[in-house]
Each structure stands twice: as C-alpha cells, then as structure tokens.
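Worksheet: the structure to be examined is printed underneath.
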Amino acid sequence: MVDWSTLGCGRYGHTTYAPDEPELRQQLSAAVADGEAWRCLRCGAFVAGPPDASGPAADAPVVPRGTEIRSKLILRLFALERFVRVLIFSAASYLLWRFRGSRISIERAFNRDLPLIRGMFRELGFNIDHSKLVGLVRHALTLSGQTITLLAIGATAYAAIELVEAIGLWQARRWGEYFAFVATSLGLPLEVYDLTQKVTWLALLLLAINLALVLYLAITKRLFGIRGGGRAYRARLREQSVLEEAVVAASPASARPAPDPDLDGTADEETPAPAQRRPGGS
C-alpha cells in the first residue's frame, strides 16, 4: 500500500510544530543524542532539530495526510485538464476577435487564393472542394459581425470559468471544489444533448471526464451534505491529524468521546496509520 504521507514529505519536506500546551509538547517531542526531535504533522516521524513553528495548538497548520494527499494529486490532474481548456478557448477567443476586425480582408484573400490552392492540391490528387476545413472557413465567412462577437464573448467567458475551476482545483480549496462541481454539473445536460445529435470520441471523452469530476467531488469531498457533508469531512480531517492523536494520547482514556456514527462516514475510506513510536520510548 502506498504511504502517501511519506511521499508527501519526500516532495514537500517535513512539517513540525511545537504547541504551547505542555502535555501536547511532551507527546510531539523527544530527546535525541543531538538535542531534540519533533514529530512531523504529515508523516508522523520524529525529525531531529528545532520545530518549524510554535504557538497554541489551535494555530497549528492543517497538513494533509494519507488519502488527502492522494486526493490533492487527483484534483491537480483535473486542474491540468482545465488549464488545457483555458488555453484552447483563449486562443479561439483571440482568433474570433481578430477575425471580426479583419473579416472582409480575410474573405478577399480567401477568394483570391482559393483557385491557386485548389490547383496545387489537384496536382497532388486531392479535391479540397469537399474538405471540411474549406467548408468551415466558408461557413465562418458567412457569419455576421454580431454572431462572431457573441461567439468571441462565449469563448472568453468559458475560458474564464475554466480558469477559476483550474485554480480552485489546483489549490484544493473548498470554494474551488464547490465552484467546479456547480460549473461542471450545469454543462452536463448540454454535453448529453450534443451526444444525442452526433456521437464523437471527443464528446464522449469530455463527458466522461466531467462526470468523473462531479462524482469524485461529491463522494470524496462530501459536498452539499453528501455522506455527512462538510461537518463529516472536517471531522475526518481531525481524526487523521497527528496533533489530534497527541490530544487523545495526552487525555485520560476514559475522557475520549465515543465516535459519532453520523460523522464516521463509510468504511471504504483509508484508516489513518498508527503513530510511530517515539525514539527512546518503551
């Protein structure tokens, strides 16, 4: 099984924190030959040297662990696909705006050079009169300036929406997950309708990606109250926290509250790895 916490520390480095509370400091620190060591909030290993930061336990950084690191990687893959869409539609928007301003000159050049181009391809054995590209250019030249403007505005707006989605997913922000869920869900009916008109591999692929993103966000991030909602999601993060393990270890066993079945989620989620033994301990 992949230890995502260890992989995360290998990529980003360890994160240590010294809480002001004496009981917690005792749980998160250890004496070593070279001085002191502090427990990493991500992988749980003791790291020799002074802590990265200190302060009240309530101000400790929230460090993703285990499946949260894997989830962040998956969201970044979706974000990369969104960035590709941003580039494509930004380029389309730019070309449409340029085309709107130079449509007359482009049409003249196209009509002037088309016979020459047709003759060149005919020498090679191709008839470009039936080419989809030539047909597309001819159709574009028949569009009115108002239609081209609307297409350019639509491409610009779509690129902006995809950019917000990409940034929110890349940073794994809660608002970004909600935004991506809503924006992608609103587009699904249009994609399904498009498939009823014509089925293409590209349309099927885009539908599969968007559907996978919506389901992944809804199930793993518990959006809109699914699987206990944000309350259950935050409780799960607390349960995985090294600092929370220290709080439980510093408290009497009888004082530990019983788990709330409403916050427990489902049994298919990865259980946090047990805390590592402190150096020099029994």
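The values are calculated or read from the model by the stated rules, or taken from the named source; none is laboratory data. Computed from a prediction, not measured in an experiment: that's the story for all the values here. Here Cβ is always computed from backbone atoms with ideal geometry, including for glycine, and neighbour counts include all displayed protein chains.
Yes or no: LEU207 touching a helix residue (DSSP H, G or I) at 6+ places or on another chain (Cβ under 6 Å), modelled with pLDDT of 75 or more, assigned to a helix (DSSP H, G or I) and not basic (Lys, Arg)?
So LEU207 passes the test.
For (1) at pLDDT 70 or above; (2) on the phi < 0 side of the Ramachandran plot; (3) out of contact with any helix residue (DSSP H, G or I) (no Cβ under 6 Å at 6 or more places or on another chain); (4) not in a helix (DSSP H, G or I), each residue gets a yes or a no:
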| position | (1), (2), (3), (4) |
| --- | --- |
| ILE74 | yes, yes, yes, no |
| ARG82 | yes, yes, no, no |
| ALA92 | yes, yes, no, no |
| GLU162 | yes, yes, no, no |
| ALA166 | yes, yes, no, no |
| ALA172 | yes, no, no, yes |
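Right, ALA57: touching a Lys or Arg at 6+ places or on another chain (Cβ under 9 Å) and farther than 30 Å from TYR158 by Cβ or not?
So ALA57 does not fit the description; no.
Taking ASN111 as meeting all but one of (1) modelled with pLDDT of 85 or more; (2) part of a helix (DSSP H, G or I); (3) of a type outside the set (D, E, K, R); (4) out of contact with any Asp or Glu (no Cβ under 6 Å at 6 or more places or on another chain), write down the number of the exception.
So ASN111 meets the others, but not (1).
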